[in-house]
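Accompanying notes for the structure given below.
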Amino acid sequence: MSTPFENAIKQLSTAAEVIDLKPEVIELLKTPDRILRVKVPVKMDDGTLKIFEGYRVQYNNWAGPYKGGLRYFPTVDLDEVKALAFWMTIKTAVVGIPMGGGKGGVTLNPKELSSGELERLTREFGKLLAPNIGPKIDVPAPDVYTNSEIMNWVKESFIDYRKNLAKECGCELSEQNQKMLQGVITGKSVEQGGSLGRDRATAMGGFYILQKLVEMKEINEKPSIAIQGFGNAGSVMADLCGAEGYKVVAISDSKGGVYNSEGLDLEKAKEHKKSTGQLVGLEGSKEISNEELLELSVDVLIPAALENVITKDNAENIKARFIIELANGPVTPEADEILAKNAIKSVPDVLANSGGVTVSYFEWQQNLEDNYWTEEEVFNKLKAIMVPAFEQIWQLHKDKNISLRTAAFAKALERLQNLCYTV
Ligand code: NAD
């Protein structure tokens with residue numbers, strides 16, 4: 001199987017054929033601007049020292065500061081981080097916000113660390129990132145298995161670093177400076193400068209697209225939905241679908257999935273997950289594997305966990321009419337071809353989950369201007385970006401008879417080419 005970065009570059013080449021992209025621009029976009037690889041030493045609770053590997057890839061900043069999440073996961077490696085950073089470059093261009101693309105992460109399973117160990121690791125990682133990030137340079141955010149608490153710690157490491165720099169120059173950071181510097185990271189808790197709505201933004205963006213597809217009668221009024229992954233993105237999406245009267249028939253987490261053809265009781269699912277740490281065993285549901293969930297006969301399949309879950313090995317068995325990719329990179333290029341042959345439309349990650357980065361951009365803007373918006377304002381502004389972006393991509397896909405992914409990439413690449421100052 002190709003690696004995530006190889007897949008990303010294949011997607012770039014496919015889209016480049018659709019628009020008139022200069023060869024120099026393609027060449028520039030094939031590699032990241034800068035790669036930071038750090039050794040993160042952590043004193044464990046038992047007194048031993050453990051060394052973790054951390055990354056930050058700054059892929060492209062033609063549109064503005066590098067922007068993208070920090071992922072804590074056992075499979076994190078440079079190839080994966082590069083792919084994710086590339087997709088962030090495309091994503092910010094798809095929604096047309098003034099930010100570029102980056103990504104980072106640490107190779108570990110945070111569930112195996114105590115909260116003290118996780119905090120020490122994050123503060124150390126933050127210290128190592130600090131000289132290379134900043135509100136106008138590179139603005140990280142949460143991703144898989146990282147959250148607002150982790151973002152707060154990175155922010156504190158960064159502000160400490162800047163305070164020390166100021167001290168070395170014989171000056172002090174003003175309160176106003178410190179407030180502005182909070183924009184170094186997004187996805188912070190609201191009390192620490194976060195934006196209202198950020199926790200629901202990724203799912204909300206995908207949900208606006210789902211609603212639009214229903215409105216366009218591409219999907220029936222009460223679609224059946226299967227969601228893989230029940231974290232930040234997947235669980236909020238499940239809630240939004242449930243509240244709209246859509247039938248969420250299957251959900252899953254890393255330990256497996258649960259299914260009920262009549263629709264699951266989502267409140268009970270959340271309580272069950274909270275009390276047992278898993279979804280499996282939910283009353284009134286049948287246990288299914290993550291693989292079975294993907295192959296269910298539903299109107300809409302929503303991968304909201306990891307990349308490369310729909311591949312050439314299972315694409316032929318996918319029965320959903322639409323896929324909404326809340327996860328990053330869930331469909332491989334080989335699978336894309338099979339899905340297209342079977343008339344299954346996949347709303348690509350770079351569009352479907354761009355609500356997260358869009359509200360991250362709003363958070364950054366609110367920090368820089370020291371002016372905070374209501375949740376209603378945040379979601380109105382989000383909808384005003386997501387729906388037109390979707391409509392333009394849908395139209396391009398129809399006009400040129402290309403996949404939604406190629407249309408999204410083409411739109412993004414056109415914007416990037418216009419911003420490119422090198423050629
Ligand atoms: P999260 O850590 O909150 O949740 C991840 C979920 O995936 C958990 O429920 C976990 O149990 C499940 N999972 C892990 N391994 C699995 C496996 N092998 N099979 C099935 N499920 C598995 O992460 P998240 O923030 O919800 O991110 C999920 C996806 O959405 C990722 O691909 C991420 O890059 C993407 N995404 C998230 C955001 C955001 O704002 N959170 C933004 C854009 C994209």
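Hey, can you tell me all the residues within the range 123-145 that are modelled with pLDDT of 95 or more, farther than 18 Å from Leu368 by Cβ and within 15 Å of the ligand (Cβ to nearest atom)? Once the filter is applied, which keeps residues that are modelled with pLDDT of 95 or more, farther than 18 Å from Leu368 by Cβ and within 15 Å of the ligand (Cβ to nearest atom), the range 123-145 yields nothing.
Might you let me know whether the range 255-277 holds any residue that is in contact with a Pro (Cβ under 8 Å, 6 or more places away or on another chain) and touching a residue at least 12 places away in the same chain (Cβ under 8 Å)? Walk me through it before giving the result.
Just the residues of the range 255-277 that are in contact with a Pro (Cβ under 8 Å, 6 or more places away or on another chain), to begin with: none.
Looking through the range 255-277, none of the residues is in contact with a Pro (Cβ under 8 Å, 6 or more places away or on another chain) and touching a residue at least 12 places away in the same chain (Cβ under 8 Å).
Looking across the range 206-256, the residues that are in contact with a helix residue (DSSP H, G or I) (Cβ under 6 Å, 6 or more places away or on another chain) and hydroxyl-bearing (Ser, Thr, Tyr) come down to Tyr208, Ser252. Restricting Gly47, Gly104, Gly54 to those that are under 22 Å from the mean Cα position of the chain (by Cα), modelled with pLDDT of 95 or more and more than 16 Å from the ligand (Cβ to nearest atom) reduces the list to Gly54.
Yes or no, residue by residue, for (1) hydrophobic (A, V, I, L, M, F, W, C); (2) open to solvent by less than 10 Å² (accessible area, probe 1.4 Å); (3) closer than 26 Å to Leu12 by Cβ; (4) outside any strand (DSSP E or B):
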{"site": "Ser261", "(1), (2), (3), (4)": "no, no, no, yes"}
{"site": "Leu264", "(1), (2), (3), (4)": "yes, no, no, yes"}
{"site": "Lys273", "(1), (2), (3), (4)": "no, no, no, yes"}
{"site": "Gln278", "(1), (2), (3), (4)": "no, no, no, yes"}
{"site": "Asn328", "(1), (2), (3), (4)": "no, no, yes, yes"}
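For the range 229-246, the condition holds for no residue, the condition being that it is within 16 Å of the ligand (Cβ to nearest atom), open to solvent by 10 Å² or more (accessible area, probe 1.4 Å) and more than 28 Å from Lys188 (Cβ to Cβ). Every condition in (1) of a type in the set (Val, Ile, Thr); (2) over 13 Å from Pro140 (Cα atoms); (3) open to solvent by less than 30 Å² (accessible area, probe 1.4 Å) is met by Val57 except one, and the failing one is (2). Annotation: Ala226 fulfils all but one of (1) within 16 Å of the ligand (Cβ to nearest atom); (2) open to solvent by 50 Å² or more (accessible area, probe 1.4 Å); the unmet one is (2).
Answer yes or no as to whether Leu196 is open to solvent by less than 20 Å² (accessible area, probe 1.4 Å) and either away from the ligand (no atom under 11 Å from the Cβ) or of a type in the set (Ser, Thr, Tyr) (or both). Judged against the criteria, Leu196 is not a match.
Give the number of residues within the range 174-195 that are assigned to a helix (DSSP H, G or I), within 21 Å of the chain's Cα centre (by Cα) and of a type in the set (A, V, I, L, M, F, W, C).
At the first step, the residues of the range 174-195 found to be assigned to a helix (DSSP H, G or I) are 175-184, 190-192.
Filter once more, keeping what is within 21 Å of the chain's Cα centre (by Cα): 182-184, 190.
Checking which are of a type in the set (A, V, I, L, M, F, W, C) leaves us with 184, 190.
Residues that pass the stated criteria total 2.
Just so you know, in the range 106-159 the residues that are β-branched (Val, Ile, Thr) and outside any helix (DSSP H, G or I) include one that is surrounded by the fewest Cβ atoms within 10 Å (Cβ to Cβ), and it is Ile137.
A quick yes/no check of all residues on (1) at pLDDT below 95; (2) farther than 25 Å from Pro330 by Cβ; (3) β-branched (Val, Ile, Thr):
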{"site": "Asn353", "(1), (2), (3)": "no, no, no"}
{"site": "Val359", "(1), (2), (3)": "no, no, yes"}
{"site": "Trp364", "(1), (2), (3)": "no, yes, no"}
{"site": "Glu376", "(1), (2), (3)": "no, yes, no"}
{"site": "Lys381", "(1), (2), (3)": "no, yes, no"}
{"site": "Val387", "(1), (2), (3)": "no, no, yes"}
{"site": "His397", "(1), (2), (3)": "no, no, no"}
{"site": "Leu413", "(1), (2), (3)": "no, no, no"}
{"site": "Thr422", "(1), (2), (3)": "yes, yes, yes"}
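Consider the range 342-397 and keep the residues that are outside any helix (DSSP H, G or I) and open to solvent by less than 50 Å² (accessible area, probe 1.4 Å). The one that is farthest from the ligand (Cβ to nearest atom) is Ile344. Given the criteria within 10 Å of the ligand (Cβ to nearest atom) and surrounded by 18 or more Cβ atoms within 10 Å (Cβ to Cβ), does Gly206 qualify? Yes.
The values are calculated or read from the model by the stated rules, or taken from the named source; none is laboratory data. Please read these numbers as outputs of a predicted model, since none were measured by experiment. A quick note on method: Cβ atoms are made from the backbone with ideal geometry, for glycine too, and the neighbour counts reach across all protein chains shown. Quick note on the areas: whole protein, heavy atoms, side chains included, nothing else; ligands and nucleic acids left out. Shrake-Rupley method; radii C 1.70, N 1.55, O 1.52, S 1.80 Å.
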